[in-house]
Amino acid sequence: MNYILLHDIVDLLENFESSNNYGIYPANVDGFCQWINDTKQNFNQPEMEWEGKINGRSVESLISTLLVHMSKYAKSYSKSAIHNSEFSTQEEFIYLITLNSFGSMSKMELIRRNKMDKPSGIQIINRLIKCGWIVQINSTKDKRSKILELTAEGKSYLNSKMDDIRKATKIVTADLTEKEKIELARILTKMDKFHQKIYNKNLNPDKLLQDAYDSYTIAQNPK
């Protein structure tokens, strides 16, 4: 038996597990092979240049800026998609899409799924109820609780606008190839899983940054 090869494979498996803390790759042979392939591709990529790099601007700074830019681009397309519609904001149709996709849920579950603060979320929900697009009903699991449900009118109006909404969604990925889209989705999913754990703690602003940074430090230096 080639023990040197076996040792190298074990080392690779350890690296795979430590870098896959957030389940970005399936914990099986296919996931392991995909990770090896992606890692190999990264090594073969030429060194990237960006504005300000020579003056010390970090890649983290670049990524943060680009994510902010992408958010603004996406929002502008969404605004265009609902132009001349009865939707006041993109959050309104996103709330309807959430209920349509995942079914009935409580107010706070709907708000937190869409990463909004409670006052803003309640304001959106109240408008959707006023428009007749959602209703508040008794929960079948707990009669003391109320849940939100998409109405037939709400579903019909959402469907009437979905063509433009899909166009706005599709254009955000620009001219990426299907392979690049999958890779981007994999990376963003990894980021989302990291931040979701912190978000779920519902920390006050004075504690949020330090807790997030501590989590980042642990992720960068796994035992």
- line: Proxy exposure order for H195, H69 (fewest C-beta within 10 Å first) is H69, H195
message: Using the crude model of +1 on Lys and Arg Cβ and -1 on Asp and Glu Cβ, and no other charge, please compute the dipole size for the chain relative to its Cα centre, in debye to 20.
response: 1200 debye
- line: The size of the Cβ-based charge dipole (Lys, Arg +1; Asp, Glu -1) of the stretch 75-154 about the Cα centre, to the nearest 20 debye, is 320 debye
- prompt: Based only on the alpha carbon positions, what is the Kirkwood hydrodynamic radius of the chain, in angstrom?
  reply: 21.2 Å
query: What list of whole percents do you get for P(r) of the stretch 71-172, with Cα-Cα distances grouped in 10 Å bins up to the one holding the largest distance?
result: 15, 48, 31, 6, 1
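Efficiency by 1/(1 + (r/R0)^6): what FRET value for N37 and I129, r their Cβ-Cβ distance, R0 = 45 Å, to the nearest 0.05?
After rounding to 0.05, the efficiency reads 0.40.
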- request: Would you list the membrane-span-like helices of the chain, meaning whole DSSP H runs whose alpha-carbon atoms span at least 20 Å along their axis and whose mean Kyte-Doolittle value is at least -1.0?
  value: 3-19, 29-44, 59-81, 152-172, 178-199, 205-220
query: In what order do D192, D206, D164 fall by count of nearby beta-carbon atoms within 10 Å, going from fewest to most?
result: D206, D192, D164
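Coordinate-derived values only; no laboratory data. Note that this is a predicted model, so its numbers are computed, not measured. Cβ atoms come from the backbone with ideal geometry, glycine included; neighbour counts cover every protein chain shown.
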